[in-house]
Amino acid sequence: MKLIKKCFQLIMKTAFLLVLANVIYFGLSGWIMYRQCIVETPVEMVVQEIQSREDYISLNQISSDYIDALLESEDNVFYQHHGFNPISTLRALMTNIAEGYFAEGGSTITQQLAKNLYFDFEKKIERKVAELFMAWEIENALEKDEILEVYLNVIYYGENCYGIEDAAQHYYGVSAMDLNDEQIEALVVTVKSPNNYNPNVLTDSASLARVIEYINR
């Protein structure tokens with residue numbers, strides 16, 4: 001029994017050291033990635049460039065029902081956190097470290113914005129860590145409404161549509177302010193997987209309902 005106990009303790013210590021080593025490695029790699037990005041292009045510079053575009057729209061030009069539905073779907077504590085949701089982030093990071101690859105997301109809207117502004121979409125743990133650092137930077141640089149506004153102008157909706165106004169015009173021929181309930185529901189779902197769930201793929205209410213049910217399980 002003593003031998004078994006010692007073996008178990010050794011295994012547990014080894015596992016803990018391996019997890020700690022991975023945390024240090026990916027944490028340092030992510031921080032370096034973040035610093036390289038922020039030194040080269042500060043948040044304010046990137047945002048100013050986006051806001052200077054002719055097609056940029058403000059929050060008051062977007063349906064409030066759409067904004068509410070998107071927040072409920074993507075980040076229902078957006079106005080309460082400072083860039084990341086500690087519970088979902090910790091759960092995702094621990095899962096990814098344990099699996100040894102990017103297996104789970106858990107991104108807030110600020111993290112999604114960080115990814116869209118600075119990083120590629122390659123599923124690497126160090127990129128996810130860099131995204132966390134960048135989300136914190138964005139939260140310090142911008143007000144919450146400004147973060148949401150920029151996000152809604154850059155997020156991808158499939159079929160080469162970037163931003164809610166572009167998507168509303170492309171799929172429905174209306175402005176982002178004039179979306180009806182069905183259109184709002186479809187474009188909220190689209191954000192989950194733009195190429196698989198956009199309105200031209202989900203061509204009827206039944207298929208949209210099935211996708212919503214699958215996502216919410």
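Read the figures in this text as sums done on the coordinates, not as results from a lab. If you're wondering where the values come from, they're calculated on a predicted model, not measured in any experiment. Every residue, glycine among them, receives a Cβ derived from its backbone with ideal geometry; neighbour counts consider all protein chains shown.
Where in the range 104-159 are there trypsin sites (Lys or Arg not before Pro) that are in a DSSP coil and have at most 15 other Cβ atoms within 10 angstrom of their Cβ?
Details: sites: 115, 123, 124, 127, 128, 144; in loops: 123, 124.
Loop-located and lightly packed - 123.
What does the highest-first list of 151-160, 49-58, 176-185, 33-42 look like by mean Cβ count within 10 Å?
Packing order, densest peptide first, comes out as 151-160, 176-185, 33-42, 49-58.
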